[in-house]
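What follows is one structure encoded as structure tokens, with my remarks underneath.
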Amino acid sequence: MVFFKVIKMFNEKKLLENAVSDEDRKARGVALRILRAALNSADPRIAIRNHIHRVDNILNVDNLTFALDEFQRIFVVGGGKASRAMAEALEEILGDNLTEGFVNVLQGMEFEFRTRKIFLNKVRHPIPDKKGVEGSRKIIQLAREAKERDLIICLISGGGSALMPLPATGITLQDKQNLTEALLKCGATIHEINSVRKHVSELKGGQLTEASYPATLISLILSDVVGDPLDTIASGPTAPDRTTFGDAISILKKHNLWKNSLFKSIRKRLEAGLRGKISETPKPGDKVFGKTHNFIIGNNRSVAFTACQEAKDLGFNSLLLSSMIEGEARHVGIAYAGIIKEILYSNNPIPKPAVVIAGGETTVTVTGHGRGGRNQELVLSSSLKIEGLRGIAIASIGTDGIDGPTDAAGAIADGETTKRAHDKGLDAREFLANNDSYGFFSKLDDLIFTGPTGTNVDDITAMVVV
């Protein structure tokens, strides 16, 4: 059985019942069906099998070939929200050639995966925990024990930064927890967050490759970062790091975190690194990357194309706007509302019935005290601009099934959303100002719930005009 075929939106019936008109109900149904198809296509095991093929003792990874009998031992390590499914699929391919494995995986999954030789260590996300540290220590220990004739296969997916925490000397787990929480709340981009993380860690920023050298290292990567930059996905444990201690300091200063009293040990390390007293992370051209092979085996773009195809199969004109959308969630939501209205009034950029798909990952600068994720805030912002329109819907989810700090994947809205809220005594603008999109959509029963999906390839948004 393929795991992702059972992924569903647990409250889909209620989401459809919330529609005021038949046109709105149809738009909501199309949006939800398209998002479900996108999730189904993001199965990490399918990604593994599409990119890795074995014929006898020959392992083909995309365009490279590896003779398994030339390696004395084969280890599997890694971490991320998709790493359970990736580990299961890879172990099936390697069989008895696999020596040992240790992978940090997301706790709280409804579905279990079966592996015999790869230990699946369950840890927390997005704030790192003790089990994550212990698991990361085991991962880097395996890497350091590898010899020149050994092969290490590293499984990396979104969430890997938090799931593989290994604080550098002088920094505690609590320090990293405080840092992660502060960076998430201040609106820092994933590039900025991971630039800092790399310089307070012993595993990130190419340091896993450094530890494994001179063994051969294959890194299989499911990307959750816009543009698929190898050095940013899961903080690039197997990729050359182009950022520096100076960059990390600048980022903390930019977001007014540098003088935070909680970050004394972090400041001390970064300043020492800036003065050259601590070695930088390995950079492009370093010899340790001579035997490392990084492969992107899945990303947001492939999922977005699947969503577009599903729309076509449903009889809609479809357009992939972009798989590289970034920016403040509330600003992006306003832009998406503008696209919906343009289609409704002028049949541009595509004629009705239309579906526009967008992917990427927005950010939220938290200034209020509410609870909500970036997808929910995007949809809430959009709902204010599509008020009163008929036969339209916008739905946005995180493909991991976890939108920011919430248990929802995202939310859905139509032209009647703000009116329904007003009838309940809710002011959509107040909820938006308080960063409480979760509270808003919870009261309307318009949150989308999938539970943890076991994958992570950024966010996906469906805009529907019937």
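The values are calculated or read from the model by the stated rules, or taken from the named source; none is laboratory data. As the structure is a prediction and not an experimental result, all values here were calculated from the model. Quick reminder, even Gly has a Cβ in these numbers, built from the backbone with ideal geometry, and neighbours come from all protein chains shown.
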Worksheet entry | Odd one out for Arg124, checked against (1) in contact with a helix residue (DSSP H, G or I) (Cβ under 7 Å, 6 or more places away or on another chain); (2) modelled with pLDDT of 95 or more; (3) under 28 Å from Ala47 (Cβ atoms); (4) among the basic types (Lys, Arg) | (2)
Worksheet item: Mind checking whether some residue in the range 146-158 is assigned to a strand (DSSP E or B), outside the structural domain of Asp459 (by TED's automatic domain parsing), under 22 Å from Asp224 (Cα atoms) and of a type in the set (Gly, Ala, Ser)?
Response: yes
Item to complete: Name, by its number, the condition in (1) over 13 Å from Asp407 (Cα atoms); (2) modelled with pLDDT of 95 or more; (3) among the hydroxyl-bearing types (Ser, Thr, Tyr) that does not hold for Thr455.
Response: (2)
Discussion item. Can you say whether Ser223 is of a type outside the set (A, V, I, L, M, F, W, C), modelled with pLDDT of 95 or more, crowded, with 22+ Cβ neighbours inside 10 Å and on the phi > 0 side of the Ramachandran plot, as far as the supplied structure shows?
Written reply: no
Worksheet entry | Some residue of the range 227-238 being of a type in the set (A, V, I, L, M, F, W, C), assigned to a loop (DSSP other than H, G, I, E, B) and surrounded by 24 or more Cβ atoms within 10 Å (Cβ to Cβ) | no
Worksheet, complete the sentence: Restricted to the range 239-261 and to residues being among the aliphatic types (A, V, I, L, M) and within 23 Å of Ile139 (Cβ to Cβ), the residue surrounded by the fewest Cβ atoms within 10 Å (Cβ to Cβ) is Ala248
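Per-residue answers, yes or no, for (1) over 27 Å from Leu59 (Cβ atoms); (2) crowded, with 20+ Cβ neighbours inside 10 Å; (3) in contact with a Lys or Arg (Cβ under 6 Å, 6 or more places away or on another chain):
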position: Phe119; (1), (2), (3): no, no, no
position: Glu148; (1), (2), (3): no, no, no
position: Gly160; (1), (2), (3): no, yes, no
position: Thr169; (1), (2), (3): yes, no, no
position: Gln174; (1), (2), (3): yes, no, no
position: Leu183; (1), (2), (3): yes, yes, no
position: Thr209; (1), (2), (3): no, yes, no
position: Ser212; (1), (2), (3): no, yes, no
position: Ile218; (1), (2), (3): no, yes, no
Worksheet item: For residues in the range 238-265 being touching a helix residue (DSSP H, G or I) at 6+ places or on another chain (Cβ under 6 Å) and β-branched (Val, Ile, Thr), which is farthest from Ala168 (Cα to Cα)?
Response: Ile251
Item to complete: Could you name every one of the helices (runs of 4 or more DSSP H) located completely within the range 376-466 that has at least 3 residues being more than 29 Å from Glu181 (Cβ to Cβ)?
Response: 417-423
Worksheet item: Which one of the conditions (1) crowded, with 21+ Cβ neighbours inside 10 Å; (2) touching a Leu at 6+ places or on another chain (Cβ under 8 Å); (3) more than 18 Å from Gly285 (Cα to Cα); (4) of a type in the set (Val, Ile, Thr) does Ile190 fail to meet, given that it meets all the rest?
Response: (2)
Worksheet item: Quick one: which of Arg73, Arg49 is in the same structural domain as Gly160 (by TED's automatic domain parsing), closer than 27 Å to Gly451 by Cα and either of a type in the set (Phe, Trp, Tyr) or surrounded by fewer than 18 Cβ atoms within 10 Å (Cβ to Cβ) (or both)?
Response: Arg49
Discussion item. Among the listed residues Ala337, Ala248, Ala311, identify the single one that is closer than 23 Å to Val457 by Cβ and in contact (Cβ under 8 Å) with a residue 12 or more places away in the chain.
Written reply: Ala311
Worksheet, complete the sentence: All conditions in (1) at pLDDT 95 or above; (2) surrounded by 24 or more Cβ atoms within 10 Å (Cβ to Cβ) are true of Ile402 except (1)
Fill in: Those residues of the range 262-279 which are surrounded by fewer than 16 Cβ atoms within 10 Å (Cβ to Cβ) and either in contact (Cβ under 8 Å) with a residue 60 or more places away in the chain or assigned to a loop (DSSP other than H, G, I, E, B) (or both), in sequence order
Leu262, Lys268, Arg275, Gly276, Lys277, Ser279
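Residues are listed down the side, and each one gets a yes or a no for (1) in contact with a helix residue (DSSP H, G or I) (Cβ under 8 Å, 6 or more places away or on another chain); (2) touching a residue at least 40 places away in the same chain (Cβ under 8 Å):
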residue	(1), (2)
Asp96	no, no
Asp129	yes, yes
Ser136	no, yes
Ile140	yes, yes
Arg144	yes, yes
Asp150	no, yes
Gly159	yes, yes
Discussion item. I need the full set of residues from the range 302-324 which are under 26 Å from Leu184 (Cα atoms) and either more than 22 Å from the chain's Cα centre (by Cα) or crowded, with 21+ Cβ neighbours inside 10 Å (or both), in order please.
Written reply: Val303, Ala304, Ser323
Response to the item:
Selection from the range 94-109 of residues more than 25 Å from the chain's Cα centre (by Cα) and surrounded by 15 or more Cβ atoms within 10 Å (Cβ to Cβ) yields Leu94, Asn97, Leu98, Thr99
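Each row is one residue, and each column tells you yes or no for (1) touching a helix residue (DSSP H, G or I) at 6+ places or on another chain (Cβ under 9 Å); (2) under 30 Å from Ala82 (Cα atoms); (3) not basic (Lys, Arg).
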{"position": "Ala304", "(1), (2), (3)": "yes, yes, yes"}
{"position": "Asp313", "(1), (2), (3)": "yes, yes, yes"}
{"position": "Ser318", "(1), (2), (3)": "yes, yes, yes"}
{"position": "Ile334", "(1), (2), (3)": "yes, no, yes"}
{"position": "Lys341", "(1), (2), (3)": "yes, no, no"}
{"position": "Tyr345", "(1), (2), (3)": "no, no, yes"}
